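Working notes, beginning with the structure itself.
The values are calculated or read from the model by the stated rules, or taken from the named source; none is laboratory data. Remember, predicted model here, so these are calculated numbers, not experimental data. Counting neighbours? That spans all protein chains shown, and the Cβs are built from the backbone with ideal geometry, glycine included. Calculation scope for accessible area: heavy atoms of the full protein, side chains included, ligands and nucleic acids excluded. Shrake-Rupley method; radii C 1.70, N 1.55, O 1.52, S 1.80 Å.
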Amino acid sequence: MNDFATLEKTIVRELSCRLCLCTDVSKLKPLNAEVKRKIKRLFDVNIRTDDNLPKAICHECLQQVAALHLYAVKVEKTQKFLDFHKMKTSNKREEQNITENKLQPIIAALSKQKIPSTANDVTKQDSIPKTPPTEFQQGDARPPKRPKKKSPSDMKFLEVMPMEEFAVTERVDKSLLNSGTSTHKPPQNLKDVAKTEAEDYMNDVLDPIVLIDGRPAKQGAALDRQITLFYKMECCICHENGFHFKSLMKHYKDRHGVPGYVSCCDKKFHYFYPKKIIEHMAYHLQPNIFMCSSCHHNFQTSQQLIEHQSNGGRSEGKIVCPRCSERYPTYQELGWHILTHRKDKLQCDYCGKLLKHHHRKKTINHMEDVILCSQCIRTLKSIEKQEKEIRILYTIQKEKVKAKSNDALTLQKYQKFRQAMGLSADEDASTD
């Protein structure tokens, strides 16, 4: 296989394997999108349709690629689990450091009073020879009391004791203890903070007013609180509970490596489309907020209502149902109506033609879950293409009109500036 001349002869498009250059046609299979994605991920080989290289793969290479892909997925899962375990152990170490920081001011206060902290210190104090009392101590004044010796069990009891009780029993100034504790503030665990915030949210009452004049009634943290109370704050992958909105989005990103979302009515609403999250919440909490004033039909989003009203509504709808005489302004509403005509699964929903075999449900031109024949699919796709071209032309014209209006505004501002400065056209030219 080292002879490149022979290799160049065997490289024939779609008649040899892309990975091993096998020329046995009976073993070859065309490359689909999934296999191309796996090869790109494993070997960093980018397969394009415009290059004159083989576009097939043999049976043996296909088995090897599938096995390697499964192994790579397994390795990624184990690495994610190990990273999570590492984060857990680091949290435990932080908790240990917190307990040590709590004990530091107590030990410092004990050292100032020269109280023995261990059994070795007690034995050292016992070994020191007792000096006889001096003449000053034997006078009329009462000699000062020596502090009692504390056993290790007493020391442990003192360590567990709260600061206020410790200050009273040991006669220590409270300001010293407070100053010591203020310098060592224990870092809070992120999971505990998230759980406490979620518990606070659960105690609140959900405000039913979401939108006012098409704009959110709340902003910032208040809006996040409203979303947390309405949607189910549960991870759909690992089914973990106890989140609020922001912590759930962070959990999806850090733990599972996917963009965060919330789910309702068997639909997913991603965090980078906040308008959809808010409008779906308003659809449930504020009934008839997206209702057409003429036909009294309730829509789920403001975009559907705008499209319905801009196309004339039900009274002036341009799209006629092919199976009855009713008119509709959009193909999405026509799709909802067409489903009412369905009587048999082996029948086209658009034209009513009987099908020879079962067809899958499709979504074409905003018509969802419809069963269509091949002819209706072609006609609807051509209509969808024409509508896209019309939309592109409309946006281009809109941008041109906007640019012209901006130019006119700038010219007016320039003329006003010249008038304010008291300059004529000749003086302006001379200044230039």
Next item on the list: Return yes or no: is residue 243 assigned to a loop (DSSP other than H, G, I, E, B) and crowded, with 18+ Cβ neighbours inside 10 Å?
Entry: yes
Check: Can you pull out the residues in region 1-24 that are at pLDDT 80 or above and aliphatic (A, V, I, L, M)?
Finding: 19, 21
Next item on the list: Look through region 246-266, keep the residues that are in contact with a Lys or Arg (Cβ under 9 Å, 6 or more places away or on another chain) and exposed (fewer than 15 other Cβ atoms within 10 Å of the Cβ), and return whichever of them is nearest to residue 205 (Cα to Cα).
Entry: 263
Notebook entry, point to check: Going through region 356-371 one residue at a time, which ones are at pLDDT below 85 and aliphatic (A, V, I, L, M)?
Noted result: 364, 367
Checklist line | Neighbours by Cβ (under 9 Å, 6+ apart or cross-chain): first from region 27-49, under 18 Å from residue 74 (Cα atoms); second open to solvent by 90 Å² or more (accessible area, probe 1.4 Å) and of a type in the set (Phe, Trp, Tyr) | finding: none
Check: Can you tell me which residues in region 268-317 are outside any loop (DSSP other than H, G, I, E, B), open to solvent by 50 Å² or more (accessible area, probe 1.4 Å), among the polar types (S, T, N, Q) and within 26 Å of residue 249 (Cβ to Cβ)?
Finding: 303
Item checked: Selected residue (criterion: farthest from residue 306 (Cα to Cα)) from residues of region 222-240 that are open to solvent by 70 Å² or more (accessible area, probe 1.4 Å) and free of Cβ contacts under 8 Å to residues at least 24 places away in the same chain -> 239
Notebook entry, point to check: Of the residues in region 364-411, how many are touching a strand residue (DSSP E or B) at 6+ places or on another chain (Cβ under 8 Å), within 14 Å of residue 331 (Cα to Cα) and not in a helix (DSSP H, G or I)?
Noted result: 3
Checklist line | Residue list for region 330-360, restricted to those being of a type in the set (S, T, N, Q) and surrounded by 15 or more Cβ atoms within 10 Å (Cβ to Cβ) | finding: 330, 332, 347
Notebook entry, point to check: Within region 211-240, how many residues are part of a loop (DSSP other than H, G, I, E, B) and hydrophobic (A, V, I, L, M, F, W, C)?
Noted result: 6
Notebook entry, point to check: Restricting the search to region 18-37, which residues are surrounded by 15 or more Cβ atoms within 10 Å (Cβ to Cβ), out of contact with any strand residue (DSSP E or B) (no Cβ under 7 Å at 6 or more places or on another chain), within 12 Å of residue 58 (Cβ to Cβ) and of a type outside the set (Ser, Thr, Tyr)?
Noted result: 21
Next item on the list: Would you point out which residue out of 64, 104, 96, 79 is open to solvent by 60 Å² or more (accessible area, probe 1.4 Å), touching a helix residue (DSSP H, G or I) at 6+ places or on another chain (Cβ under 9 Å) and among the polar types (S, T, N, Q)?
Entry: 104
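Of the residues 246, 268, 232, which single one is at pLDDT below 90, over 22 Å from residue 217 (Cα atoms) and under 15 Å from the mean Cα position of the chain (by Cα)?
268
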Item checked: Filter result (among the hydroxyl-bearing types (Ser, Thr, Tyr) and under 23 Å from residue 208 (Cβ atoms)) within region 283-315 -> 283, 293, 301, 302
